[in-house]
1. Within the range 430-437, is even one residue under 23 Å from L376 (Cβ atoms) and open to solvent by 70 Å² or more (accessible area, probe 1.4 Å)?
2. Quick one: count up the residues across the range 356-379 that are within 23 Å of L440 (Cβ to Cβ) and loosely packed, with under 14 Cβ neighbours inside 10 Å.
3. Please determine, by comparing only the residues of the range 144-164 that are under 39 Å from the mean Cα position of the chain (by Cα) and crowded, with 18+ Cβ neighbours inside 10 Å, which one is modelled with the lowest pLDDT.
4. Need the failing condition index for A169 against (1) modelled with pLDDT of 90 or more; (2) in contact with a Ser or Thr (Cβ under 6 Å, 6 or more places away or on another chain), just the number.
5. (1) over 30 Å from G160 (Cα atoms); (2) loosely packed, with under 12 Cβ neighbours inside 10 Å; (3) among the aliphatic types (A, V, I, L, M): which one isn't true of L117, the others all being true?
6. Can you pull out the residues in the range 198-226 that are closer than 21 Å to L48 by Cα and among the aliphatic types (A, V, I, L, M)?
7. Would you confirm, using the coordinates I've provided, whether A446 is farther than 21 Å from Q47 by Cβ and small (G, A, S)?
8. If the requirement is being open to solvent by 20 Å² or more (accessible area, probe 1.4 Å), assigned to a helix (DSSP H, G or I), closer than 30 Å to G45 by Cα and of a type in the set (A, V, I, L, M), which of these qualifies: M468, M415?
Amino acid sequence: MQNREYIKTKKLKEMQENPRFLKRVLIGIFAFYCAFVVLFYFLTGDQLIYRESRGEQEMPAATAGTVELYQGSDVTQYFMTGVQRLDSVSVLWGTYYRANAGTVTVELLRTDTGEVLMSGQFAAVDIPEGGTTTIYAQQPIEGLPGVELALHITADSAPGEAVSPLMDAENPSTGGLWLNGEQTTGLLCFSTAGTDYIRAGLHYWQLVSIVGAVLLAVLVFAWNRYQRGRQDILAEAILAVKKYRFLIKQLVSRDFKTKYKRSVLGVFWSFLNPLLTMIVQYFIFSTIFKSDIEYYPAYLLVGIVSFNFFNEACGMGLMSIIGNSGLITKVYMPKYIYPLTRVMSSVVNLAISLIPLIIVSMFTGVHFRKSALLALYFLVCLILFTLGVVLLLSAAMVFFRDVQFLWNVISMIWMYATPLFYPETILPDQFKFVLQINPLYHIIKAERTCILGGVSPDPVVYVQCLLMALAALLIGALVFKKTQNKFVLYL
């Protein structure tokens, strides 16, 4: 009789507490979203609105000189640019390996109005063989795409003391190259630099307001369904975590402690393992790739920490249902909690592994900027993607025990298909598609951009990584949900 009263009282208490708890969590989710979009805006800064222009003129390889640029001679290159906000123009020079004299003048003009957009003067003696000179705009010049421009170069040097702009004689010029008033076949060796607008960044607040409105509608819908006593996936998931939080904590603790059971160094291996792996791979590959990759030790460690988390979580997660068969057949709780706790225990390991990454980055001269905090976004995408893969693997493992052996092969292939210790530039063009279809490549590349590059990736990269993570999570969750009722028949 007392047990019945106790159970009845407990259920009544839960019924009273659950609505308040669910309401607080739903409000917290929306508040977190609002805080995130504001913080994201300040962390990205101008990189949210501008990106390196895709219409820049790259410096062609020099195959010949133009003219000896003494007083009375001139070089003019007509061209059009695709750069939306032009910052600078650079010219490549030959000096005939001698000490020259005089002053070189470089101007960029609009041919339709004759307006000088930017200009600069350079002492010929300061120009080295194969060196460049660059003229800069006082502020980025807009409205130039589709407008014909002229790069006009003159000098006041004496013959025998003049430099020569270089050209690519084999490259036809679309605008026309003129040497001393005569049109010539070829292209002046020059390059342009600037930025383009990012449309999504220009309308950032409108876009996040729309997403926020959709999120708010989803949260209100979940709350109303719960209030009416109807099933709602979001509300049920939140309340399930609350109800089984003690068991979740115990399972995460058990998985984490079991990994280092009877180990002398214990949890210190979470710190030491990625560091030792980095050292070994650094000594093996640094002589091959060091010249191509800046901050190579930190580059290595970003890849190692991220992939080790993914590989460890998947390796542990695929056994999460099989390994807990005793609990599943005796105690009722949502089955997705078992793979979830395996991933959560690996997240703890991931957090510890970030310590050597920070230390190595500091010692190798990486300058941490505010964009480094944006790497946390991609770590969240990595965790969501990993959870989706773990749900899929754990469900498949129940029905096909060979999955554990196949996964060993797949994970090895996946490791070599992801640029962890090599630069992506060494891959032949016919194999570049492997990177494009590899979610881990996009996530790890974005992390490196934030940490090592000190800049924010293009806004489309944030959407791309999130969509890949959510797609994996959705597929894994659907497969797991559809098959979970059959688990007990195969355990």
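1. Scanning the range 430-437 turns up no residue that is under 23 Å from L376 (Cβ atoms) and open to solvent by 70 Å² or more (accessible area, probe 1.4 Å).
2. Going through the range 356-379 one residue at a time, the tally reaches 1.
3. L144
4. If we test A169 against (1) modelled with pLDDT of 90 or more; (2) in contact with a Ser or Thr (Cβ under 6 Å, 6 or more places away or on another chain), just (1) comes out false.
5. The number of the failed condition is (2).
6. I198, A200, L202, L207, V208, I210, V211
7. So A446 fails the test.
8. Exactly one residue qualifies, and that residue is M468.
The values are calculated or read from the model by the stated rules, or taken from the named source; none is laboratory data. In this text the structure is predicted, and so the values were computed from the model without any measurement. We place every Cβ from the backbone using ideal geometry, glycine too, and count neighbours over all the protein chains shown. With ligands, DNA and RNA removed, areas are computed over all heavy atoms of the protein, side chains included. Shrake-Rupley method; radii C 1.70, N 1.55, O 1.52, S 1.80 Å.
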